[in-house]
Amino acid sequence: MTFSYQTIFSFLVFLYVSSAIGYFFFFTTQKQKFGLLGFVLAFSGWILHTGLVAYRCLVFKSFAVSGLYESLSFFAWVIVLVYMISEFRHKQHIDGVFVLPLAVSLVAYASVINSDIRPLPAVLRSPWMAVHVTLCFLSYACFTLAFCFAIMYIWQEKELKSRKIDVFFFRLPALEFLDRLGYRAVVFGFVFLSLGIVSGSIWAQKAWGTFWSWDPKETFSLILWFLYLVYLHGRLIAFWRGKKSANLAIIGFAVMLFTYLGVSFLLPGLHSYLSK
Amino acid sequence: MMNIQLLGLNHKSAPIEIREKAFFSESKLEAALAGLKEYKAIEECLILSTCNRTEIYVASFDRVNGLGCLWDFISRSMAMPESQIKKYFYILENKFAMAHLFQVAASLDSMIIGETQILGQVKDAYFRAREKNCLGRNLNTIFDEAIRVGKKVRTQTQIGKGAISTSTAAIELSRKIFESLEDKKVLIIGAGKIGELTVKNLSSRGIKTVIVANRTLIKAQELAERFCGEAIKFENIFDYMRLSDIIISSTSAPHFVITAADAAKVMRARNNAPLFLIDLGLPRNIDPAANAIENVYLYNIDDLAQVCDANLNQRRSEAQKAQQIVDSCVELALKKMNLGGTRQEESIIK
């Protein structure tokens with residue numbers, strides 16, 4: 001019996017949706033077993049997802065993250081990887097509550113768009129592709145995680161400041177924890193983004209003959225890089241923390257989304273592989 | 001047919017002077033149980049006595065006689081004529097006695113809904129009666145069930161969640177600000193009662209460093225000793241505020257002890273690390289404007305009371321779920337047992 005690629009991908013969506021439901025129940029009932037269930041389902045989904053990504057690469061005979069479909073699916077794969085590492089490290093099932101719905105929307109979006117295998121542009125058939133794209137997506141995933149912590153922080157902070165306590169109060173972790181983890185995610189994201197930009201310029205030098213060509217994607221990546229530089233600088237020098245940092249992480253996420261999707265569709269340039 | 005009968009009073013039916021008289025202390029309980037067993041009409045007996053309630057559960061074949069024995073027993077024990085105390089008591093039988101017991105065990109009948117002590121008290125009363133061989137099949141079954149119901153309500157509802165006293169609310173809030181309390185420092189200004197209680201709760205939750213400041217240093221030293229803390233002179237509080245993550249102020253100063261400007265200065269000195277200010281003073285000790293400073297969380301007595309109220313409302317809505325659990329358990333337990341008929345008119349709930 002054989003299954004079509006699409007059927008397996010739908011099953012993947014199903015696994016992520018179930019995981020998100022598990023996390024939802026964890027959040028509402030605060031029972032650890034639901035959190036664990038969510039984590040296990042996400043992990044099984046991720047294993048399957050790994051297989052699917054590998055399969056596409058085999059078909060393309062190259063690291064194949066080009067075009068919107070591949071890109072969304074790969075982004076979801078990286079986000080799930082990053083959140084699982086984070087949860088595994090701090091042993092609380094809170095990241096998944098916010099990350100899983102995001103992962104679900106990415107794969108759900110991917111599953112309704114054209115997933116036909118189209119020839120990979122010659123310029124992308126390079127080992128640098130895997131390095132550059134993976135690093136950039138790792139940074140995106142870290143910034144996404146930082147965004148989730150920032151949202152929780154802002155929420156919790158508002159309740160504490162206004163002294164109005166509602167159902168979320170008991171379910172969200174301590175401010176200090178959210179602040180610390182958000183910061184950590186930004187640090188990792190910043191390192192990955194820096195390496196991503198550097199690897200990109202090296203590749204650009206080889207492929208296009210120039211390190212930097214002020215293509216919109218490059219420009220926005222640089223803006224993003226400076227934004228998080230401000231975040232880190234503020235934290236280390238001016239002791240910004242808490243709400244200020246959280247607000248920056250939210251702005252950073254918006255700029256990141258624009259760099260990822262907006263630029264590709266609205267500002268054509270050398271990097272417009274998504275819309276092609 | 002066996003009847004389960006309950007004669008009791010609680011915080012709703014009787015004032016404290018009466019509850020005191022009806023209370024069976026640990027030492028009196030043994031003799032009281034023995035005394036109850038003497039009555040011919042009483043087959044099984046159990047006494048549940050706490051500061052908010054005294055309830056006597058018996059199983060008897062003869063309803064009327066059983067009840068008579070209960071009145072006789074309690075009026076002797078309280079040394080008051082039956083006619084004088086009658087109005088404070090409620091009598092419940094069979095199904096209603098059992099339903100009441102389940103409610104008590106589920107802490108639905110408590111002065112503070114969802115409090116945790118009552119289940120332990122029910123258990124103690126049960127074990128005590130069993131030790132003294134006062135129990136038979138009937139009371140054994142209903143108390144076993146009651147303890148199960150109590151546990152079930154605790155695990156399946158959020159009835160015990162959320163602080164409902166000033167000092168525990170302060171703890172709960174501090175745990176939502178700080179990830180762990182172990183590496184945090186608390187500074188207490190003024191040696192008030194609630195302040196002390198809050199520090200006591202904080203140190204039982206892991207806070208290691210306690211600094212005490214008071215106008216009279218001797219008092220500060222006394223309090224500091226109790227928490228292995230450090231006493232400081234009142235003039236020096238600003239040097240220590242920088243180092244403290246939680247500051248509890250409960251002085252009777254007529255003006256603000258900590259102004260918003262002070263708080264802002266402190267925040268700069270501590271590199272914006274979160275600061276939890278608890279103002280228990282009356283008049284207030286800390287300028288309310290301090291709450292507007294980033295990473296400062298200021299709660300005064302009213303704010304803490306507001307948190308408690310919100311939690312209490314939450315508990316009330318959980319209490320409805322708990323009541324449903326109790327009701328279904330009563331129905332189930334009734335099927336297991338062979339009890340006498342229940343006459344509603346005999347059940348007086350005040």
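What to note about this one:
- Centroid-to-centroid separation of region B:191-241 and region B:292-327 [C-alpha atoms, Å]: 27 Å
- Principal axis extents of the Cα atoms in region B:166-306, from largest to smallest and rounded to whole angstrom, are 35, 32, 30.
- Label-point separation in nm, B:Lys233 to B:Thr116, each point 7 Å along Cα→Cβ: 4.3 nm
- Cut-off 11 Å between beta-carbons: net charge of the residues surrounding B:Asp279, Lys and Arg +1, Asp and Glu -1: -2
- Rounded to 10°, Cα long-axis angle of helix B:166-177 versus longest principal axis of chain B: 60 degrees
- Angle in degrees between helix B:137-156 and the longest Cα principal axis of chain B, rounded to the nearest 10: 30 degrees
- Ascending count of other beta-carbon atoms within 10 Å, so fewest first, for B:Met98, B:Met111, B:Met337: B:Met111, B:Met337, B:Met98
- Part-to-part distance (alpha-carbon centres) for region B:93-117 and region A:45-79, which is given in Å: 59 Å
- Only helices enter the 222 nm calculation for chain A: every DSSP H run of n ≥ 4 contributes -39,500 (n - 2.57), and dividing by all residues gives -26000 deg cm²/dmol, rounded to 500.
- Placing unit charges on the Cβ atoms only, positive for Lys and Arg and negative for Asp and Glu, gives chain B a dipole magnitude near 360 debye about its Cα centre.
- Normalised by 2.2 N^0.38 Å, with N the number of residues, the alpha-carbon radius of gyration of the protein assembly as shown equals 1.29.
- Stretch in chain B that is longest and holds no GluC sites (Glu not before Pro) that DSSP places in a loop and that have at most 16 other beta carbons within 10 Å: B:1-114
- Positive-pole candidate from A:Cys148, B:Thr116, B:Ala292, dipole of the protein assembly as shown, charges at beta carbon: A:Cys148
- Within straight-line reach of A:Lys244, meaning a Cα separation under 16 Å, sit the following aspartates and glutamates at least 8 residues removed in sequence or on another chain: A:Glu157, A:Glu176, A:Asp179, B:Glu294.
- Inter-part distance, region A:174-249 to region A:119-153, computed on C-alpha centroids, equals 12 Å.
- Neighbour counts of other Cβ atoms within 10 Å put B:His11, A:His233, A:His93, B:His255 in the fewest-to-most order B:His255, A:His233, B:His11, A:His93.
- Along the axis of the charge dipole computed for region B:166-306 (Cβ charges of +1 for Lys and Arg, -1 for Asp and Glu, origin at the Cα centre), the listed residues B:Ile177, B:Ala260, B:Met241 are led at the positive end by B:Met241.
- With the Kirkwood sum run over all distinct C-alpha pairs, region B:3-156 has a hydrodynamic radius of 15.3 Å.
- Helical mean residue ellipticity (222 nm; -39500 (n - 2.57) per DSSP H run of 4+; nearest 500) of chain B: -15500 deg cm²/dmol
- Estimated dipole of chain A in Debye, rounded to 20 [Cβ of Lys and Arg +1, of Asp and Glu -1, Cα centre]: 400 debye
- Ordering B:Ala310, B:Pro81, A:Ala204 by the projection of their Cα atoms onto the charge dipole of the protein assembly as shown, which places +1 on the Cβ of Lys and Arg and -1 on the Cβ of Asp and Glu, puts A:Ala204 at the extreme positive end.
- Using a Förster distance of 30 Å, the FRET efficiency for B:Met1-B:Glu82 (Cβ separation, nearest 0.05): 0.70
- Summarising the strand pairing of the protein assembly as shown, around 45 percent of its internal DSSP beta bridges are antiparallel.
- Cβ charges +1 (Lys, Arg) and -1 (Asp, Glu), total dipole of the protein assembly as shown, debye: 720 debye
- Cβ-defined net charge surrounding A:Ala150, 11 Å radius [Lys, Arg +1; Asp, Glu -1]: 0
- Environment charge of B:Asp124, counting only residues whose C-beta is closer than 14 Å and scoring Lys/Arg +1, Asp/Glu -1: +1
None of the figures in this text is laboratory data; all of them are computed from the coordinates on show. This structure is a prediction, so every number in the text was calculated from the model and none was measured. Here the Cβ is made from the backbone with ideal geometry for all residues, glycine too, and neighbour counts use every protein chain on show.
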